[in-house]
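Peer 1: Below you'll find the structure I mean.
The values are calculated or read from the model by the stated rules, or taken from the named source; none is laboratory data. Just so you know, these numbers come straight off a predicted model, no measurement behind them.
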Amino acid sequence: MPAKLVAAAAIVALVVGYFLGLWSDLGGWLSDLWYFLAASTLVPNWLLGIFAICAIVVAGLLGAGLRPTRNSRRPSPISTQDNFFNIRWRWSYDASGGVQDLSPYCLRCGNRLVLKHVGATRPADRYECRCDRCGAVACEIDCSVEEFESRVLQKIHETSSG
């Protein structure tokens, strides 16, 4: 569809150019250009034209070479893993050094663990980290999920600092 539209626009431009007398003007410009290139001074003008084109290309390359490079790539996060509480934890560090994407994995099969609510007993709920692939129960949690995650983060900071 766009190709037909472009072809139609080109035909209309050619016809309008014919009626406005632009073709004779274009012919005159091309004739003047030919006479200039064919004329000779101490150095042929066509050779001066080639030198001018080469000078423009070299100036463009020098300008591009002197332009400062952009650091558009973000540094890739540093991924790591360690075992705490009978669970393999995987995480990465963000640009400021904070832990992100903290995820638990099974020590037996490497599958991601799911947190299942076992029951509500006072003073806190109980959860277990269970592997859906091999059925292993990695650990039972008798505190809130947020508190357990803070314990894991504390272990990560302890092992990374010392």
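Peer 1: Residue under question is Cys134, and the condition is that it be part of a loop (DSSP other than H, G, I, E, B) and on the phi < 0 side of the Ramachandran plot; does it hold?
Peer 2: yes
Peer 1: Okay, next question. Would you mind telling me which numbered condition in (1) more than 20 Å from Ile156 (Cα to Cα); (2) at pLDDT below 80 Ser144 fails?
Peer 2: (1)
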